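A quick write-up on the structure given underneath.
The values are calculated or read from the model by the stated rules, or taken from the named source; none is laboratory data. Everything numeric here is computed off the predicted structure, so don't read it as measured data. Every residue, glycine among them, receives a Cβ derived from its backbone with ideal geometry; neighbour counts consider all protein chains shown.
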Amino acid sequence: MTTEPASRPIFPPARDGRRRAFNEEDKRRIVEEATQPGASLSAVARHYGIAVRVVFRWKQELANAAEPTFIAVHITWNTSTSDRMVGSSSIRGRIT
């Protein structure tokens, strides 16, 4: 019976008290892997030899750095007879 060797982290472990540097592409790839359906954030972190809190922080940072989302808004004005009266200061609108 043959067994596959345990998968090793892609990134070498930190040595001599030095921190490893991950570029944005690596961070994004690791976070995407951790957020796949059925994936475990802690299992992905162990696979890469990094702390779960680091992957969680990257996930938050990438979510905060996402492009803002804009939606189209169409405004229609209600022009009922009471609004057309002279001296009427109310303006009514409806967002659709």
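Considering only residues of region 45-96 that are part of a loop (DSSP other than H, G, I, E, B), small (Gly, Ala, Ser) and within 30 Å of ARG20 (Cβ to Cβ), which is modelled with the highest pLDDT? This residue is ALA51.
Scanning region 18-44 for residues that are of a type in the set (Lys, Arg) and in a helix (DSSP H, G or I) turns up LYS27, ARG28, ARG29.
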